[in-house]
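Visitor: Before I ask anything, here is the structure I am working with.
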Amino acid sequence: MAESDVTGSMEQVPFVDYLVLGEEPYLRANECQNCQARFFDRRNACASCFGNEFTNVKVATIGEITSFTIVEMGPMPYVSAIVDCDGTPVRCTLTGVEASPEAVQLGMKVELTTYSMGEDSGGTEAIAFGFAPTK
Amino acid sequence: MGSEDIWIIGSNMTKFGKHPERDVVDLASEASVAALHDAEMTMSDIGVIGVGNLMNAGAGIGQQLQKQIGQTGIPVFNVSNACATGATALRVAIMAVKAGETDVGMAVGVEKLAGAGLLGQKGPKPKSETWEPSGRFGAIGSTEGRIGTNIMPGVFAQIGMEYGHKYGGTSFELFAKISEKNHAHSTLNPLAAYQKRFTLDEIMNDVMIAYPNTRPMCSGNCDGAAAMIVVNDSKLKSLPASVRKRAVKISASVLTSDPWAEGCQVLPDVNTLTRNAATQAYEQAGIGPEDLDLVELHDCFATAELVHYDNLMLCEQGGAVDFFESGAPWRDGSKPVNVSGGLQSKGHPIAATGIANIHEIVTHLRGEAGDRQIVGAKVGLAHVIGLGSACGVHILEKAA
């Protein structure tokens, strides 16, 4: 059926512009060419060395939890974590793990995952990222 | 500091809590008039005012205050610097006096927050038919919950957990014990919003806000104001003995912002700017952490208090857990911390906080703290931090 072909090549948008979609999704940082400081937002200059030349770099997709909290305000508790991805700290929500202090440990190994947030009225699918315990 | 020392000669804070019948101008006026009275002065003596208020930062609260208590045409600086707003207003008054622009300055911090709910949470964006990227990260929806958290209890929970990951020894119970201490201290402070003592069990079994911070481990939104009058040496000499003998010396006054550190734009780094401010303050004052008789530090959450023991160098680097477990920061310990009850019980009317913590130190150095007096207190430190970030550290000394 023609429709299924259309669905197969459905347009996707990332939840944030630093999430790069594709076969192997990854987070993209702006790295200062002078001091290698990394940033996730657009830059006018480097906050560390004031340089103004940046390169797009791929952030490691596996990391270690250096801090977390379980936010219990709101309808569903969720785990917010800071993940050290080979020297680049990333903030994320954990997926694939129960939101309880027994299920999450400091130092735990986690990896980047993506999931669908659904489609908008034009049929575009939004893809968000999280980190889940490594298998 | 420079050639002339700066002195606090008038100081006051309102009771913190719910003041439904009174607006920010009423509260600011109460604290200001009382501070003037304390200094045996009137508005005609004041040469500059720094006024802090966060929730109405564009409303010219300084001018509204003058319209209520005395319009003299002097310069007013309305400032806003997150939770360090009060300390920033005081820095303005101190800088003006140090610069020789005037001999007498006033600083006021005021906030009405009772019932304001959780701060730092953005409301949901209006639903769009299509995904629309917006903001600095091109997000197509609210990042709260989707990319971790930005709410204050969560951010500061992560700051405490990060310390635990780095140095070990932290636990839910440890953080709850810090809160137990501050609530116990609050029972002696009649100006605190909450004066209820909690058992450790009660704290741990209360509503969880953001693990490991339960509700009593979070600072309370409330209403309040604090005000202070500062003068230079030469002015002090001209004042009556009754004022001079109660004057408290500002041995250090420092304000810092957060310098670059890897990851500081992912999880705020409240450590480096606090350590920098403390280092500068100890150097200015020629006083070390070992000389402090009491400390009021910014315990906006129980998890925050722990890291600031370390940042203010009250313990060895990495030694905050041992420092707490030793009993040092209890009011009968070797280094009393937050004998006012801290933000968790005294309350946190944001812009008033950075002056109220200094008021607490002033009260002890004057020997006027009543039941909660730290006997023989001669030197104290007040610390405040506003996320974003701004850090104020003041070291005060009793007049010789």
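The values are calculated or read from the model by the stated rules, or taken from the named source; none is laboratory data. As the structure is a computational prediction, the values presented were derived from the model and not from experiment. Virtual Cβ from ideal backbone geometry, glycine too; neighbours counted across all protein chains shown. These area figures cover heavy atoms from the full protein model, side chains too; ligands, DNA and RNA do not enter into them. Shrake-Rupley method; radii C 1.70, N 1.55, O 1.52, S 1.80 Å.
Visitor: Residues to consider are B:Gly333, B:Gly367; find the one that is touching a Gly at 6+ places or on another chain (Cβ under 8 Å), assigned to a loop (DSSP other than H, G, I, E, B) and open to solvent by 10 Å² or more (accessible area, probe 1.4 Å). Walk me through it before giving the result.
Guide: Values: B:Gly367 fails: touching a Gly at 6+ places or on another chain (Cβ under 8 Å).
After applying the criteria, what remains is B:Gly333.
Visitor: A follow-up question, please. From the list B:Ala304, B:Ala281, which one is touching a strand residue (DSSP E or B) at 6+ places or on another chain (Cβ under 7 Å) and either at positive phi or part of a helix (DSSP H, G or I) (or both)? Steps first, please.
Guide: Numbers: B:Ala304 fails: touching a strand residue (DSSP E or B) at 6+ places or on another chain (Cβ under 7 Å).
Checking each option against the conditions leaves just B:Ala281.
Visitor: Answer yes or no as to whether B:Thr143 is within 9 Å of another protein chain (Cβ to nearest Cβ), hydroxyl-bearing (Ser, Thr, Tyr) and open to solvent by 20 Å² or more (accessible area, probe 1.4 Å).
Guide: Values: within 9 Å of another protein chain (Cβ to nearest Cβ): yes; hydroxyl-bearing (Ser, Thr, Tyr): yes; open to solvent by 20 Å² or more (accessible area, probe 1.4 Å): yes.
In short, yes.
Visitor: Filter segment B:262-299 down to the residues that are more than 14 Å from chain A (Cβ to nearest Cβ), under 16 Å from B:Val384 (Cα atoms) and either small (Gly, Ala, Ser) or open to solvent by less than 30 Å² (accessible area, probe 1.4 Å) (or both) and list them by number. Explain how you work it out, then say what you get.
Guide: Of the residues in segment B:262-299, the ones more than 14 Å from chain A (Cβ to nearest Cβ) are B:274-299.
Retained after the next criterion (residues that are under 16 Å from B:Val384 (Cα atoms)): B:274-282, B:294-299.
Passing the criteria: B:Thr274, B:Ala277, B:Ala278, B:Ala281, B:Tyr282, B:Leu294, B:Val295, B:Glu296, B:Leu297, B:His298, B:Asp299.
Visitor: Can you tell me how many residues within segment A:9-19 are more than 9 Å from chain B (Cβ to nearest Cβ) and either touching a residue at least 24 places away in the same chain (Cβ under 8 Å) or at positive phi (or both)? Let's see the steps before the verdict.
Guide: Restricting attention to segment A:9-19, the residues satisfying the condition of being more than 9 Å from chain B (Cβ to nearest Cβ) are A:9-12, A:19.
Filter once more, keeping what is either touching a residue at least 24 places away in the same chain (Cβ under 8 Å) or at positive phi (or both): A:10-12, A:19.
Summing the residues that are more than 9 Å from chain B (Cβ to nearest Cβ) and either touching a residue at least 24 places away in the same chain (Cβ under 8 Å) or at positive phi (or both) in segment A:9-19 gives 4.
Visitor: Can you tell me how many residues within segment B:169-217 are outside any helix (DSSP H, G or I), within 20 Å of the chain's Cα centre (by Cα) and either surrounded by fewer than 24 Cβ atoms within 10 Å (Cβ to Cβ) or at pLDDT below 95 (or both)? Can you show your working first?
Guide: Step one: list which residues in segment B:169-217 are outside any helix (DSSP H, G or I), which gives B:169-171, B:187-199, B:205-214.
Restricting the remaining residues to those that are within 20 Å of the chain's Cα centre (by Cα) gives B:187-195, B:213.
Going one step further and asking which of them are either surrounded by fewer than 24 Cβ atoms within 10 Å (Cβ to Cβ) or at pLDDT below 95 (or both), we end up with B:187-188, B:190-191, B:194-195.
Residues flagged as outside any helix (DSSP H, G or I), within 20 Å of the chain's Cα centre (by Cα) and either surrounded by fewer than 24 Cβ atoms within 10 Å (Cβ to Cβ) or at pLDDT below 95 (or both) within segment B:169-217 amount to 6.
Visitor: May I pose another question? Go through segment B:56-78 and give me each residue that's modelled with pLDDT under 95 and of a type in the set (A, V, I, L, M).
Guide: Result: B:Ala57, B:Ala59.
Visitor: Next up: Would you confirm, using the coordinates I've provided, whether A:Leu112 is surrounded by 21 or more Cβ atoms within 10 Å (Cβ to Cβ), under 29 Å from B:Asp258 (Cβ atoms) and touching a residue at least 60 places away in the same chain (Cβ under 8 Å)? Break it down into steps so the answer makes sense when it comes.
Guide: Details: surrounded by 21 or more Cβ atoms within 10 Å (Cβ to Cβ): yes; under 29 Å from B:Asp258 (Cβ atoms): yes; touching a residue at least 60 places away in the same chain (Cβ under 8 Å): yes.
For A:Leu112, the condition - surrounded by 21 or more Cβ atoms within 10 Å (Cβ to Cβ), under 29 Å from B:Asp258 (Cβ atoms) and touching a residue at least 60 places away in the same chain (Cβ under 8 Å) - is met.
Visitor: Go through segment B:307-318 residue by residue and tally those that are surrounded by fewer than 19 Cβ atoms within 10 Å (Cβ to Cβ) and either in a helix (DSSP H, G or I) or touching a residue at least 40 places away in the same chain (Cβ under 8 Å) (or both).
Guide: The total comes to 1.
Visitor: Would you mind stating whether A:Val90 is part of a strand (DSSP E or B), more than 8 Å from every other protein chain (Cβ to nearest Cβ) and either touching a Leu at 6+ places or on another chain (Cβ under 6 Å) or at pLDDT 95 or above (or both)? I'd like the intermediate steps shown before the answer.
Guide: Details: part of a strand (DSSP E or B): yes; more than 8 Å from every other protein chain (Cβ to nearest Cβ): no; either touching a Leu at 6+ places or on another chain (Cβ under 6 Å) or at pLDDT 95 or above (or both): yes.
No: the conditions fail for A:Val90.
Visitor: Right, something else. Quick one: would you say B:Ser128 is over 30 Å from B:Pro20 (Cβ atoms), of a type in the set (S, T, N, Q) and at pLDDT below 95? First the steps, then the outcome.
Guide: Details: over 30 Å from B:Pro20 (Cβ atoms): yes; of a type in the set (S, T, N, Q): yes; at pLDDT below 95: yes.
Taking the combined requirement at face value, the residue satisfies it.
Visitor: If you don't mind, another one. Looking only at segment A:104-135, count how many residues are more than 11 Å from every other protein chain (Cβ to nearest Cβ), assigned to a strand (DSSP E or B) and of a type outside the set (Val, Ile, Thr).
Guide: Start the filter on segment A:104-135 by keeping residues that are more than 11 Å from every other protein chain (Cβ to nearest Cβ), which leaves A:109-114, A:116, A:132-135.
From what is left, the residues that are assigned to a strand (DSSP E or B) are A:109-114, A:116, A:132-133.
When the remaining residues are screened for being of a type outside the set (Val, Ile, Thr), the result is A:109, A:111-112, A:116, A:132-133.
Going through segment A:104-135 one residue at a time, the tally reaches 6.
Visitor: Taking segment A:60-81 as the search range and keeping residues that are more than 19 Å from B:Phe175 (Cα to Cα) and assigned to a strand (DSSP E or B), which one is nearest to the other protein chains (Cβ to nearest Cβ)?
Guide: The selected residue is A:Tyr78.
Visitor: In addition: Just one of the numbered conditions (1) at the interface with chain A (Cβ under 7 Å from one of its Cβ atoms); (2) free of Cβ contacts under 8 Å to residues at least 24 places away in the same chain; (3) in a loop (DSSP other than H, G, I, E, B) is not true of B:Thr149; which one?
Guide: (2)
Visitor: Would segment A:20-42 turn up any residue that is facing another protein chain (nearest Cβ under 9 Å) and in contact with a Leu (Cβ under 7 Å, 6 or more places away or on another chain)?
Guide: no
Visitor: Looking only at segment B:218-251, count every residue that is open to solvent by less than 10 Å² (accessible area, probe 1.4 Å) and among the acidic types (Asp, Glu) and tell me the total.
Guide: So the answer is 1.
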